[in-house]
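What follows is a short report on a single structure.
The values are calculated or read from the model by the stated rules, or taken from the named source; none is laboratory data. Being a predicted model, the structure only gives us computed values, none of them experimental. Note that we place each Cβ from the backbone using ideal geometry, even for glycine, and neighbour counts take in every protein chain shown.
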Amino acid sequence: MKKIASFTVDHDTLEKGLYVSRIDGDAVTYDLRMKKPNMGDYLSTGGMHSIEHLFATYARNSEWSDQVIYVGPMSCRTGFYLVARDSVSKEDIIRLVKESMAFIASFDGEMPGGKKNECGNYLDHDVPEARTVAADMLGVLKDWAPENMEY
């Protein structure tokens, strides 16, 4: 079988950051890498779940809500995928991710979609980890620019 594009990225050299993973027509998949691969430090399922609820909620309520197709975790537990229409500029994607991370880093309240009738695993959340990871990503992305978005 043909090797898929994400398996051609050198995970031995990949650093935390925000990258263009692939482009399919007018859909751009971004790789928000929150953990350095294969270093033994991964997102917990609870932290990842909390980031997913908060990141997706923020992105789908942002000014780009109609352009956001998908926000979801990588099963390797090192980051998230954000899929958006190509009509959103790279600068705006960086801004959206930074704003989302700021929202998560300061989140205090009831988890959006966090009730039993709204979520298939509503008890598995770790908001403190989500806050810590988001705050770390704000530092990583502080001076991020479109030219940094290539693997």
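Here are 35, 3: which of them is at pLDDT 95 or above and of a type in the set (Lys, Arg)? Spell out how you get there, then give the answer.
Numbers: 3 fails: at pLDDT 95 or above.
Just one listed residue meets the conditions, 35.
Considering only the range 135-150, I want to know if a residue exists there that is in a helix (DSSP H, G or I), surrounded by 17 or more Cβ atoms within 10 Å (Cβ to Cβ) and of a type in the set (D, E, K, R).
There is no residue in the range 135-150 that is in a helix (DSSP H, G or I), surrounded by 17 or more Cβ atoms within 10 Å (Cβ to Cβ) and of a type in the set (D, E, K, R).
Say we look at the range 30-70 and pick out the residues that are aromatic (Phe, Trp, Tyr) and in contact (Cβ under 8 Å) with a residue 40 or more places away in the chain; which of these is farthest from residue 111 (Cα to Cα)? It would help to see each step written out before you state the result.
Step one: list which residues in the range 30-70 are aromatic (Phe, Trp, Tyr), which gives 30, 42, 55, 58, 64, 70.
This time we only want the ones that are in contact (Cβ under 8 Å) with a residue 40 or more places away in the chain, so: 30, 55, 58.
Values: 30: 25, 55: 11, 58: 12 Å.
Among them, the one singled out is 30.
Considering the range 109-127 alone, what residues qualify as being in contact with a helix residue (DSSP H, G or I) (Cβ under 8 Å, 6 or more places away or on another chain) and surrounded by fewer than 19 Cβ atoms within 10 Å (Cβ to Cβ)?
In the first step, residues of the range 109-127 are kept if they are in contact with a helix residue (DSSP H, G or I) (Cβ under 8 Å, 6 or more places away or on another chain); the result is 111-114, 119, 121, 124-127.
Across the range 109-127, the qualifying residues are 111, 112, 113, 114, 119, 121, 124, 126.
Evaluate the range 131-145: report whether one residue or more is more than 22 Å from residue 36 (Cα to Cα), out of contact with any Lys or Arg (no Cβ under 7 Å at 6 or more places or on another chain) and without any contact (Cβ under 8 Å) to a residue 40 or more places away in the chain.
Taking the range 131-145 and keeping what is more than 22 Å from residue 36 (Cα to Cα), we get none.
Scanning the range 131-145 turns up no residue that is more than 22 Å from residue 36 (Cα to Cα), out of contact with any Lys or Arg (no Cβ under 7 Å at 6 or more places or on another chain) and without any contact (Cβ under 8 Å) to a residue 40 or more places away in the chain.
Would you be able to tell me the number of residues in the range 46-98 that are surrounded by fewer than 19 Cβ atoms within 10 Å (Cβ to Cβ), assigned to a helix (DSSP H, G or I) and hydroxyl-bearing (Ser, Thr, Tyr)?
The total comes to 2.
Cβ-Cβ below 6 Å, separation at least six or inter-chain, first residue in the range 71-85 and in contact (Cβ under 8 Å) with a residue 24 or more places away in the chain, second of a type in the set (Phe, Trp, Tyr): which pairs?
From the range 71-85, the pairs are 73/80; 77/42; 82/30; 83/70.
Only one of these conditions is not met by residue 22: (1) farther than 18 Å from residue 134 by Cβ; (2) touching a residue at least 40 places away in the same chain (Cβ under 8 Å); (3) of a type in the set (Lys, Arg). Which number is it?
(2)
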